[in-house]
Amino acid sequence: MKLSVNWLRESVALDMDAEEIARRLTTLGLEVESQVHLQPTFSGVVVARVLEAVRHPNADKLQVARVDTGREVLSIVCGAANCRAGLNVALALPGARLPGDFEIKVSKIRGETSHGMLCSEKELGLSTESEGIIELPDSMELGQAVAAVLGLEDWILETSPTANRGDLLSHLGVARELAAVLGQPLLRPDVGQGTSPSTLDIGLQIDAPSSCGRYIGRVIRGLGVAPSPLWMRRRLEAVGVRPINNLVDVTNYVLMECGQPLHAFDLRRLSGEKIVVRNAREPESMTTLDGQSRVLCPTDLLICDGERPVALAGVMGGLNTEISADTTDVFLESAWFEPKGIRATSRRLGLRSESSHRFERGVDPALTDWASRRAAALLANFSAAGTSPSIDPRCVDARGATPERVSISFRPARTNRLLGTTFNSGTQRVALTRLGFETDVQDSGELPWQVVVPTWRPDVTQAADLIEEVARYIGFDQIPTPPARATLSARTGHARDARLRLLRGLLQSRGCHQALNLTFVSRSRLSPFDASEPVALHNPLNEELSVLRSTLLPGLMANVAHNLRHGADGFAAFEVGRVFAAGPEGERPRESERIALVLCGSPAGHFSGKARAYDFFDLKALVDELVQVAVGRVPVWTSGETPAFLHPGLSAKVSLADANLGVGLHDLALGRGGALHPATARALELDAPVFVAELDLGPLLDRPASPVAFQDFMRVPAVRRDLAVIVPTQTLSADVLAAIRALSLQLIDDTTIFDIYEGTSVGPGRYSLGLSLRLRARDRTLTEDEINGVVQRVLTELTAKFGATLR
Amino acid sequence: MSDALAELQRQLADIEREARSTLHSIARESELVPIRAGVLGKKGVLSPLLAALGKLDGSARPAAGALINVTKLALEVLFEEARLRLVQQAIETRVATERVDVTLPGRRSEIGATHPVQQVMDDLVDLLGQFGFDLTDGPEVETEDYNFNLLNMPASHPARDMQDTFYLQNGLVAGLLMRTQTSPVQVRTMLSQKPPVRIIAPGKVFRCDADATHSPVFHQIEGLWIDTDVTMADLKGTLTHFLRTLYGDDRPVRFRPSFFPFTEPSVEVDVWTGTRWMEVLGAGMVHPNVLRNVGYDPEEVQGFAFGLGVDRLAMIRYGITDIRYLWENDARFLRQFVAGGAV
């Protein structure tokens, strides 16, 4: 909310500049986001009175006025029709500067000397259009600077009151806070008091007493619609309210002044001499002031006349009873509505107004009558010239349920226990009292105080709230700041995080950047990777961000495309994040954590060798290393079971064999990896081959790898024997190695593949597999015969199992 | 001296001379092995002379043997000298000829970077971990209860407007939403364990108020400390130490009253940038209603909670000007964060 410092100063004596006021408010919990200095765009213009205005001897449309500045009487030539004797005017003296860098000089106009200029609003930059010269109130003292009397020099504080403090949405409310901490009285305009002699001839009926706590209606007759006085328009504009006309402006002015929303109905357009406050029926609709037709529901509260709804209570008035240019009689509503209902209606209709904003935060129920009297007086005061309005001394006033005054049991010792302070009870009592809380006087020992909450603070409901009030009043800077205390913790979460950091570090050391993608994707970006129905947002920002990702791959693919498009030779990255899959009926979506990686294009090359592109084995190495670091074992790659977005010949399911049972039925699926299917890559406009893998992170992180059980290694030197066997093309290398392992030959320490060759020399349908056997015995050097025997056993087995021949 | 001995002496002299000249002519250590074998080996030129010893008179034999041994020793010395010379020569040659332009690039691969948001997150987790806050997390899809109601934020409260919420389509389970804050982890933790509780919960949060400076997805880290004696002074002490470690020891830190439904009193904490106060985190004493909601007795236990936005912190720390960089994953952006940055 925008606050005018000039306005605040009318309600509390503030012996400080705007900067200090802003600081004080921030310290009190009303954050001041910005301070804007409003400065008049003119100088040298004073209040003066026209003593006499006579026709210019040489010009029909000009007058020569004798004008009293309070210090001297000057002769001024003026062309405005409304220049007349007795009028208070804005006089630009010689030397005055007006907007547009225009300097006033003594000049001769058709032979008559003019010692200045009588100004219009437009000439002073106060409005874009104006008719005639400014007419200032008679009460203004002559000789004063116009900029000062109109309050054109001001500071505007842009505040952001927290959602609990509806009372800070007005100038008087904020002034009350300042008055409390400064020990100053709060000055409120006097509106008179007393009960109305009798009731208006308008029936008032509250059918929804739980929603409407108080309703006061007043009638002002004989009004005339006109622009508001200049100062009021300037003030409203300064706090961000667009001036409309005197009647509407007064309700807005009182709203900004005290925080009580008001509504002015055109009395003649109310029918049936009756006001009914009731809930909407079904079906029912009404057109609000903004011209929108609103379909209502039974939780909406309405203000109705004898026939129809005339306002959506607390939210917006109806078009049918709007103030118009010919309005003369006004029915002025001031009411207290229950916050939750106003909020529900406002939210359901997406209709926010200054009024609903305040009602849903809780308006001070004690304001209803004050604001009604204040607005009625202002309406009568600022009616169009030539009218003589009358405020009907009678009113209608009915009550429903208003919140009861809250009384809270409060122990000053509790304050100190919560805050870690030593505020004595006297200090605490002063704090609460200054802030408007009533405390009972007995201050004897252990008994808690009963503290009664002021009507404007519906947010204060329990002792913790009072503790905050005490702290706020005394100042948070008065709470000590002891050294930070450390405690011991199990750090189980940190241990898991450390394992994840190890995996991230591994991938980074292999050249992969960590990517971060939004959790939301479009259906079309997700569907190539997962055809199942995704979890959708009810209120997405747009179609591009409408469903939850069920895989990390769409994001990484977009990152690859982005980087290639921007001239990168390749891109290697990984992402760690949550994915979501629709659960079975009646269950929440399944949420799991994944790690995905992508390799595309060329790794960094070197001048000494040929540049090469990432291939399947780069991906496999990364995945194997990742899993090995995580759980101490290398995963199993199984082809033939991969989804459609992967190249069927260049992809695999990745799983973890059971440590005890070996490869088989008990494999734990981790994910999948391989080359993107050429068709998928094409659809994503990725020209270079792309290799991707995505694994569940849970199995890799949730259990720490079992501690390593060291096995002594043999120190006898090993013998290496290479043999190349020719086997049918479909033979899997893993099966060949497994067959050799299955022989359980103790002398074979390890078998590795050193070569793969396909070509004419090995014949069609076959390939050569180069195997390197490492042989050794624990206790002796092997003899040539032993070595040959082992190699022969291997060869015989491979021939029997795979039809292998020695190359 | 017999003729035979003279003849032997002459032969040995020839062999030694021959060996000397051969060794003189070779350039590599590897050539030494066959030459040595040709002289000193089993089939070398000395072997027949040794074999011939048996044919000599018994009286001449010791002298002949001695002659051969002397020569053999001399030859071995010669060969060893030659070997040392050749090794030395080889080293000198290598050192004299091998040269590289040391300014040429190494055979390196690209180093992947930790995402800047992750770096800041890691630092915060480490720093808070040192105090004894244990790391924990919770689901990103939440219920109204955990995200709002149990945190003292009923739907009827205007505080709900502080956080525009993404709801899931009302298909299978009603009222599911993307968590708007990491605070539901507080509730989940307190519901599952007895006090004392001291945790941090980093993670993604979601709000549908995206614009040029906000992403609909961003990162928060939440802290919670509940015990019998944790006071607002502890809040100030802990967060002041935390922020000074993060921003610099001399930075003024300001605590000002604010409002969060789940804390009372609530504070916002600002750090002085040198020209203005910058809001960096929100905190407060956990609201008694929240404590009651999780079955704690607010007369028995009390404590504080805090939360801060990680993305903004990363942008400030690294001088990142546009939030889009954080989500674009452009290698030209990421590469700049390879060096990492501990606090």
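The values are calculated or read from the model by the stated rules, or taken from the named source; none is laboratory data. Only a predicted model underlies this, so the values are computations on that prediction, with no experimental measurement involved. Neighbour counts run over all protein chains shown; Cβ positions are idealised from the backbone, glycine included. Each accessible area value is taken on the protein alone, full model and side chains, heavy atoms only, with ligands, DNA and RNA left out. Shrake-Rupley method; radii C 1.70, N 1.55, O 1.52, S 1.80 Å.
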From largest accessible area down, sort A:647, A:263, A:538; use a 1.4 Å probe on the protein chains. A:538, A:647, A:263
In straight Cα distance, which aspartates and glutamates are under 19 Å from residue B:43, not counting same-chain residues fewer than 8 positions off? B:14, B:16, B:18, B:31, B:76
Where in segment B:1-106 are there GluC sites (Glu not before Pro) that are in a DSSP coil and have at most 12 other Cβ atoms within 10 angstrom of their Cβ? B:98
Which whole-number percent of Cα pairs in segment B:116-342 have a distance greater than 32 Å? 18
Fully extended contour minus Cα-Cα distance, from residue A:72 to residue A:187, at 0.36 nm per residue: 37.8 nm
Chain-alone versus full-assembly comparison, segment A:450-473, residues with accessible loss of at least 20 Å² (1.4 Å probe): A:462, A:464, A:465, A:468
Applied in sequence order to segment A:11-22, the curve 6.51 cos²θ - 1.76 cosθ + 1.60 (Karplus, θ = phi - 60°) yields integer Hz couplings, x standing for Gly and Pro, of 9, 8, 6, 10, 8, 6, 8, 4, 4, 5, 4, 4
With the solvent-accessible surface defined on protein heavy atoms using a 1.4 Å probe, which residues belonging to segment B:239-256 display a reduction of at least 20 Å² in accessible area in the multichain context relative to the isolated chain? B:254, B:255, B:256
What are the lysines whose alpha-carbon lies under 26 Å from the alpha-carbon of residue A:105, with same-chain residues fewer than 8 places away excluded? A:61, A:122
What figure, in Å² to the nearest 10, do you get for the accessible area of residue A:427 with a 1.4 Å probe and non-protein molecules left out? 60
Can you work out the accessible area per residue across segment A:1-160, with the rest of the protein chains kept in place, probe 1.4 Å, in square angstrom? 49
Using θ = phi - 60° and the Karplus form 6.51 cos²θ - 1.76 cosθ + 1.60, what ³J(HN,Hα) does each residue of segment A:106-123 get, whole Hz, x for Gly and Pro? 5, 9, 9, 10, 6, x, 9, 7, 10, 9, x, 9, 8, 9, 9, 4, 5, 5
Under 5 Å, built H, 5+ apart or other chain: amide partners of residue A:690: A:676
Please calculate how many Å² of accessible area segment B:3-97 carries per residue, with a 1.4 Å probe and no DNA, RNA or ligand atoms counted. 65
Only residues of segment A:94-114 count here: report those whose backbone N is under 20 Å from the spot 7 Å along Cα→Cβ of residue A:60, or say none. A:109-112
Tell me which chymotrypsin sites (Phe, Trp or Tyr not before Pro) from segment A:524-612 have a DSSP coil assignment and no more than 10 other beta carbons within 10 Å of their own. A:607
By accessible area (1.4 Å), largest first, A:473, A:757 order as A:757, A:473
Gap in Å between the Cα centre of segment B:187-259 and the Cα centre of segment A:91-168? 50
Computed on Cα atoms, the radius of gyration and Dmax of the protein assembly as shown in angstrom are 45.6, 170
Helix-derived [θ] at 222 nm for the protein assembly as shown: sum -39500 (n - 2.57) over DSSP H runs of at least 4, divide by residue count, nearest 500? -9500 deg cm²/dmol
Within the set A:2/B:204; A:620/A:801; A:2/A:340; A:2/A:274, which residue pairs have Cα atoms separated by over 30 Å? A:2/B:204; A:2/A:274
Per residue solvent-accessible surface (Å²) - segment B:132-260, probe of 1.4 Å: 32
Between residue A:425 and residue A:2, 0.36 nm times their residue separation minus their Cα-Cα distance comes to what? 148.6 nm
Env charge @ residue B:188, Cβ radius under 12 Å, K,R +1 / D,E -1, value -3
Hey, if you put +1 on the Cβ of every Lys and Arg and -1 on every Asp and Glu Cβ in the protein assembly as shown, which of A:149, B:114, A:69 ends up farthest toward the positive end of that dipole? B:114
Loop only per DSSP, at most 11 neighbouring Cβ atoms within 10 Å: give me the GluC sites (Glu not before Pro) in segment A:7-86, ordered by residue number. A:72
Using 1/(1 + (r/R0)^6) with R0 = 60 angstrom and r between the beta carbons of residue A:714 and residue B:74, what's the FRET efficiency to the nearest 0.05? 0.85
Treating only the Cβ atoms of Lys and Arg (+1) and Asp and Glu (-1) as charged, compute the dipole magnitude of segment B:3-97 about its Cα centre; round to the nearest 20 debye. 240
Cα centroid separation, segment B:267-331 to segment B:1-69 (Å): 93
Ignoring ligands, DNA and RNA, what percent of the 1.4 Å accessible area of segment B:116-342 is carbon and sulfur? 49
Total formal charge among the other residues, if their Cβ is under 12 angstrom from that of residue A:397, Lys/Arg +1 and Asp/Glu -1: +3
Protein accessible area in chain A, 1.4 Å probe - carbon and sulfur %: 51
Using the Karplus equation 6.51 cos²θ - 1.76 cosθ + 1.60 (θ = phi - 60°), what ³J(HN,Hα) coupling, rounded to whole Hz, does each residue of segment B:287-299 give in order, writing x for Gly and Pro? 5, x, 4, 5, 4, 4, 4, 9, x, 8, 9, x, 7
Can you give the accessible area buried between chains A and B, summed over both chains, with a 1.4 Å probe, in Å² to the nearest 100? 7700
If you take all C-alpha pairs in segment A:194-251, what percent of them are over 16 Å apart? 62
Over chain A, what is the percentage of antiparallel beta bridges among all DSSP beta bridges, to the nearest 5? 95
Using a 1.4 Å probe on the protein chains only, how many percent of the accessible area of segment B:3-97 belongs to carbon and sulfur? 59
In short, segment A:563-590 residues buried by 50 Å² or more of accessible area relative to the isolated chain (1.4 Å probe) are A:578, A:588
Leaving ligands, DNA and RNA out of it, work out the accessible area of residue B:318 with a 1.4 Å probe and give it in Å² to the nearest 10. 60
